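Derivation of every value follows stated rules applied to the coordinates shown; laboratory data play no part. All of these numbers come straight from a predicted model, not from anything done at the bench.
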Amino acid sequence: MTNVTGRASAPGKVILAGEHFAVHGVPALALPFTGACTTVSVAPAPPETVTLTAALSENDHARALTVVEAALTRLALPRAWTVSVDSTIPVGFGLGSSAAFAVALVRALLMAAGLSATPEDVREHAHALERLFHGSPSGLDDSVVAYETPIAFRRGEAPERLVPGAHFRFVLGAVGYAGSTMEAVASVRRRAEADPPWFSKLKDSAGSAVSQARTALESGDAHALGRALDDSHGLLQEIGVSTPELDSLVVAARDAGALGAKLTGAGWGGFMMALVTPNRHAGVRDALSKAGATLVLELDVGPVPENRRGSDGSK
Ligand code: PMV
């Protein structure tokens, strides 16, 4: 190991379709959210000293420190680091804050240790670390954050990079509270186990919505993508992870001319996302603010250049 410092960033993410159902083996689609990111800096420290500086609650700080310790063990590095985290991704709002931390941490430590890794290596390490945050995550979040391109994902398989067929613009609106991914996932599991035939039908519908969304994304069909987002939201409502506040932001966006809207991520709080056309974009933003959104963000995705490289420099 060389005695250099390491510094790396990772973006947030949004889930376009298939969240929750992804835990149960249904494919899902996710997009990197480059409007916010987490940067991790690491520097060598005296032996048996691991310190973490991060603007986190006491509980979250303790968990993040556990993740740092686990990363050192996984990467076979000595317990001798100062780690600082700087993040613009809100914690617990479904924008992938924990995955971005895990990916940026792995990248920074590998850089400081003079080791290189592919996005797939980074993803595998980050997935193991995400388990400490979320229990049994599907791997969707760590995959899209490590690959930094739109992806199609299926639990247990390597993610597939997707190239959108056109530019799409999304407006994201937050409700004023965060949801717990671990609790929301556990609640869906309980419902699924209580009524397997019901859940199996919903899984089929979720699979169709994801497949429609993928075709629409790749072919550049905004109207079809909007319809797939609406269908996805209906399914998330059925499994009980939406809230009245998320629903009213979704309705406000649709009423203001969005092509489709859904909650994104684990639900029970956090963000919804709406697909907008250029001429409805400002109206949807306004409508979300008037309907009580506590934060309104934007995300643009479009065709990705063939030679795009991850921020760790590898393809
Ligand atoms: O990170 P969140 O809160 O956006 O949720 C992750 C997506 C889930 O499908 C709800 C969980 C998972 O592990 O895939």
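Computed values, structure above
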item: Helix-only [θ]222 nm of the chain, DSSP H runs n ≥ 4, -39500 (n - 2.57) each, per residue, nearest 500; result: -14000 deg cm²/dmol
item: Helix runs (DSSP H) in the chain reaching 18 Å along axis by Cα, Kyte-Doolittle at least 0.5; result: 97-112
item: Expected-Rg normalisation [2.2 N^0.38 Å, Cα atoms] applied to the chain; result: 0.98
